[in-house]
Amino acid sequence: QVQLVESGGGLVQPGGSLRLSCAASGSMFAIAVMGWYRQAPGKQRELVASITPGSIINYADSVKGRFTVSRDNAKNTVYLQMNSLKPEDTAVYYCNAQAPRQSYWGQGTQVTVSS
């Protein structure tokens, strides 16, 4: 069983920055594609960024140039650095780990961008 624990969410003003972390238990982290998703009220969950074990990265168009995803395989942790935050970035952010025949979700962390 894999557990994912997100942290780093909070309230920030427009233009500000936050760094989310997702710590994974278990041994599958090294082979997992790690993803950050978000879900705003009344909207579907959407992919924000993903990173493969070999650090191939994919971003949603809406966050390109503002968000940076990274992973530390030694710490079983994936990060999402979010800069130039906008009110439309407000959502619950979820960490996801995918490996063959396995998929796990964290509990989510709230990010609110408001003045």
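The values are calculated or read from the model by the stated rules, or taken from the named source; none is laboratory data. Predicted model only: the values in this text are computed from it and were never measured. Every residue, glycine as well, gets a Cβ built from its backbone with ideal geometry; the counts of neighbours run over all protein chains shown. SASA here: full protein model, heavy atoms, side chains in, ligands and nucleic acids out. Shrake-Rupley method; radii C 1.70, N 1.55, O 1.52, S 1.80 Å.
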**Asked** Within the range 21-69, which residues are acidic (D, E) and either under 14 Å from Y93 (Cβ atoms) or touching a residue at least 60 places away in the same chain (Cβ under 8 Å) (or both)?
**Response** E46
**Prompt:** Which residues, taken from the range 25-60, are at pLDDT 95 or above, under 12 Å from N73 (Cα atoms) and open to solvent by less than 50 Å² (accessible area, probe 1.4 Å)?
**Reply:** M34, I51, T52
**Request:** Report yes if G106 is on the phi > 0 side of the Ramachandran plot and either surrounded by 14 or more Cβ atoms within 10 Å (Cβ to Cβ) or touching a residue at least 24 places away in the same chain (Cβ under 8 Å) (or both), otherwise no.
**Result:** no
**Message:** Whether any residue in the range 6-20 is surrounded by fewer than 15 Cβ atoms within 10 Å (Cβ to Cβ), of a type outside the set (S, T, Y) and without any contact (Cβ under 8 Å) to a residue 24 or more places away in the chain is what I want to check.
**Reply:** no
**Item:** strands (runs of 3 or more DSSP E) contained entirely in the range 1-103, each with at least 3 residues that are of a type outside the set (F, W, Y) and within 20 Å of S115 (Cβ to Cβ)
**Value:** 10-12
**Item:** Count of the range 89-99 residues which are surrounded by fewer than 21 Cβ atoms within 10 Å (Cβ to Cβ) and touching a helix residue (DSSP H, G or I) at 6+ places or on another chain (Cβ under 8 Å)
**Value:** 1
